[in-house]
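What follows draws every value from the coordinates through simple rules; no lab data is involved. Fair warning: this is a prediction, and the values are worked out from it, not measured in the lab. Counting neighbours? That spans all protein chains shown, and the Cβs are built from the backbone with ideal geometry, glycine included.
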Amino acid sequence: MIFLKDVNKMFLSGILLILAVSGGFFCLSKFALAIEDEDKGDAVLYEKYEKYRKYEKYKKYKKYKKYKKKYGFSSSSQRREYKQAYKNYKKYKKQPSKYRQYAGLKKKYKRYKKYRKYVRPYKKYKKYRKYRKYNKKRYAKYGTWENKEGWLRHKNKKQQTEADLGGGNLGPNITVGLFRFSKDDLRGSAFRVRANKEYLIRDIDGRELGRVSADTETRVKYSKGGKLKINGSIEEVIVDREVRFEAIDSNETEQIFEVVSPGIICYSDNCNFYRGELKLRYSPESKKIWLINNLPLEQYVWGMGEITGSGDKDYNDVMTTAYRTYGYWKIKYSTKYASEGFKVNATPGNQLYFGYSWEDRHQRIKEAAQRTRGKIVMYEDRIAIVPYSSWTDGRTRSWKERWGSDNYPWCQSVKDDYGKHPSKKTKQLEAEGNHMVGLSAHGALHLADEKDWDYEKILKYYLKDIKIKGVY
Amino acid sequence: MSEKGVGGEGLIIQGVKKMKNVFLKVVIWGGVLIGFIYAGFYLWQHRYEYFFQGRDIPTVDQQKEASESDTEEGGVVDDDEGEDMDVDEETDNVVKDDGEYFVPTITKADCEQECNNRKSVAIEYNYCREICGLNEIKDNQSGEEDEGVEDCDDIDDNFEEDVCWKTKAIREKNDKYCDEIYSEELSKVCHDRVLEEIMN
């Protein structure tokens with residue numbers, strides 16, 4: 001009997017155990033499903049919160065409309081009239097005896113003052129008129145924490161990286177403005193070029209003008225009306241605006257062009273040799289002719305003239321990474337030289353670039369570039385452009401402190417004992433072009449050399465919350 | 001049945017009893033634990049219902065973090081709490097003063113062709129050239145100091161006004177003017193261009 005009793009209890013225990021285990025499985029499966037649901041749910045929350053944001057924006061537009069109705073003007077000519085009256089009355093207020101004739105403008109002055117106070121600050125919201133369809137009371141309820149959290153999660157998930165240019169082993173191509181010629185420069189003497197291998201000449205539309213054997217010189221002169229005259233290696237031909245010099249094989253990475261042109265001002269001893277492609281391009285906007293180098297980003301980094309490569313290995317890694325990041329950003333976003341046909345120029349205004357001769361004589365730069373190949377500085381999904389200065393006064397400056405904008409949060413002020421100039425004062429350093437924002441070159445050099453910091457640690461010290469990302 | 005046999009059976013029963021106790025403890029404590037996990041998970045899953053019920057709905061302006069992630073609004077605090085709600089209000093038809101104009105999508109290919117493919121429609125062509133940065137930014141010829149934002153404000157044409165803000169931002173190396181631009185794409189181009197000027 002005792003045995004049977006125990007068997008019964010065991011049976012009951014077994015059933016309980018089975019129930020508990022299956023309950024556990026049930027909970028786990030619910031948990032997994034809930035996580036999956038949360039993923040799908042975030043998209044819904046995102047949509048809801050977006051509606052709420054647009055609803056709020058439209059509210060701002062309504063405020064602008066309200067003030068405009070109350071304090072605005074019926075026409076722009078009336079506004080200009082009142083504006084002038086406002087200015088004149090201000091003059092009267094400053095010097096009543098001199099501007100007595102404006103004394104009667106007080107009413108208009110007051111009227112325009114109200115416009116300045118109430119309408120102008122809200123004008124920026126006028127663009128939110130486009131959200132008028134979101135002016136629905138129910139959207140106000142979507143501004144909950146839950147929706148906001150889902151919105152943030154979904155936003156972060158769907159946000160695509162800015163670093164999406166692709167490129168092969170050597171990265172995407174960059175166009176570098178090397179030298180600028182006036183029309184007269186190339187009327188008198190010819191621009192001359194040759195290469196270590198056979199090369200192609202093309203016009204602006206990509207039409208082949210000729211194939212030229214190695215070491216054979218091609219000459220280009222400015223003709224008139226934005227045209228260029230080419231001869232020497234090929235039968236004389238006049239082309240519209242642009243002439244290109246390229247390798248026969250587009251995969252050729254060992255093609256070196258030599259520019260044998262007089263009047264080129266170099267920042268280094270020898271800056272006449274370039275990898276990649278060259279082109280001469282006349283810009284109708286500036287009326288100048290630019291010599292442009294088109295080459296992969298990595299090869300551009302190999303020719304960087306900002307350092308000599310003689311410093312610590314990690315310092316070289318820091319500098320090549322910063323240099324590459326700037327180049328990458330320029331490829332993607334630069335419009336400054338769009339009318340001239342390139343992305344970055346080779347002068348200290350942008351980044352010094354000397355080309356192949358420099359690369360050949362400063363192999364440690366190339367080694368650093370190869371160690372950090374494809375790596376750029378990122379802040380969240382943004383390309384974190386890295387400003388750098390040679391020296392600081394013992395502290396770097398935040399972007400906001402120096403240039404006012406808070407759009408670049410990775411540039412914050414940090415202590416920089418190692419980058420502090422031994423004798424020069426702040427004003428002197430600033431006058432010499434040290435903005436002291438971002439990276440401190442001498443600070444980085446000493447941290448690498450004396451503190452033995454690796455390049456990532458140095459970059460992360462000077463740039464807040466960044467990460468180093470390989471983008472090709 | 002021999003004594004030896006009975007004695008052996010007793011040992012088995014004792015063993016079973018011991019096992020049963022351990023077993024029951026495991027089952028009970030396991031059940032309690034699972035119950036807690038499930039309850040915790042349930043609360044976590046429905047945290048908003050329980051934790052926020054009965055409270056005021058928090059808004060963007062009450063949320064510091066939101067303003068950090070919302071770059072479009074540029075930190076302007078301007079809520080109109082007391083304003084009457086116009087449900088489904090259809091706004092008036094004044095377009096001229098509301099900043100809008102037709103904004104075409106400009107691609108990399110457009111820029112590579114220097115916008116010549118858009119020459120047939122003047123506004124598209126001009127807009128395209130602005131996006132691609134093909135129009136030169138001229139220096140301030142008048143030599144007069146820009147007065148606040150009034151100069152751009154006075155322009156009636158909305159696209160021209162946007163171009164004015166962009167030019168002003170670049171000349172003064174101050175990207176706050178870029179926020180005045182209606183076209184979001186042009187505003188982004190403006191910000192990047194100011195960055196180039198600053199870094200130059």
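Here are the numbers for this structure:
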{"quantity": "Overall dimensions of chain A by Cα: Rg and Dmax, Å", "calculated": "32.7, 123"}
{"quantity": "Calculated FRET value between A:Ala103 and A:Glu401, using beta carbons and R₀ = 56 Å, to 0.05", "calculated": "0.80"}
{"quantity": "Inter-chain shielding of A:331-339 (mean C-beta neighbours from other protein chains, 10 Å cut-off)", "calculated": "6"}
{"quantity": "Cα-Cα over 27 Å, subset of B:Lys119/B:Lys176; A:Lys68/A:Lys98; A:Lys70/A:Lys155; A:Lys68/A:Lys137; A:Lys60/A:Lys94", "calculated": "B:Lys119/B:Lys176; A:Lys68/A:Lys98; A:Lys70/A:Lys155; A:Lys60/A:Lys94"}
{"quantity": "For the range A:83-99, 3J(HN,Hα) per residue [Karplus equation, 6.51 cos²θ - 1.76 cosθ + 1.60, θ = phi - 60°, Hz, x = Gly/Pro]", "calculated": "5, 4, 4, 4, 5, 5, 5, 5, 4, 4, 5, 6, 10, x, 5, 6, 10"}
{"quantity": "Table column - 3J(HN,Hα) (Hz), the range A:101-113, Karplus curve with 6.51, -1.76, 1.60, x for Gly and Pro", "calculated": "5, 9, 4, x, 9, 4, 4, 5, 4, 5, 4, 6, 4"}
{"quantity": "Test item: A:125-136 mean partner chain Cβ contacts at 10 Å", "calculated": "5"}
{"quantity": "For the range A:430-472, average projected area of the Cα convex hull in nm²", "calculated": "4.0 nm²"}
{"quantity": "Residues whose placed amide H lies under 5 Å from that of A:Ile174, excluding near-sequence neighbours", "calculated": "A:Leu295, A:Leu297"}
{"quantity": "Relative contact order computed over chain A (Cα-Cα under 8 Å; 6+ residues apart), in percent", "calculated": "12 percent"}
{"quantity": "Within-15-Å neighbourhood charge of A:Glu450 [Cβ basis; K, R +1; D, E -1]", "calculated": "-3"}
{"quantity": "HN-Hα J in Hz across the range A:152-165 - Karplus 6.51, -1.76, 1.60, θ = phi - 60°, x for Gly and Pro", "calculated": "5, 4, 5, 4, 5, 5, 8, 5, 9, 5, 6, 7, 10, 7"}
{"quantity": "Neighbour-count ranking [beta-carbon atoms within 10 angstrom, fewest first] of A:Lys63, B:Lys119", "calculated": "B:Lys119, A:Lys63"}
{"quantity": "Under-5 Å amide H pairs with A:Thr392, H placed in peptide plane, nonlocal only", "calculated": "A:Lys420, A:His421"}
{"quantity": "Over 19 Å (Cα to Cα) - which of A:Lys59/A:Lys114; A:Lys57/A:Lys130; A:Lys57/A:Lys126; A:Lys330/A:Lys415; A:Lys62/A:Lys130; A:Lys158/A:Lys400 fall in this group", "calculated": "A:Lys59/A:Lys114; A:Lys330/A:Lys415; A:Lys158/A:Lys400"}
{"quantity": "FRET efficiency estimate (nearest 0.05) - Cβ-Cβ, B:Arg171 to A:Val237, R0 30 angstrom", "calculated": "0.10"}
{"quantity": "Sorted by Cβ density within 10 Å, fewest first, the residues A:Tyr333, A:Tyr58", "calculated": "A:Tyr333, A:Tyr58"}
{"quantity": "Amide H contacts under 5 Å for A:Gly210, placed H, 5+ residues apart", "calculated": "A:Ile201"}
{"quantity": "Taking A:Lys148, A:Lys424, A:Lys451, B:Lys108 and counting other C-beta atoms within 10 Å, the order from fewest to most", "calculated": "B:Lys108, A:Lys451, A:Lys424, A:Lys148"}
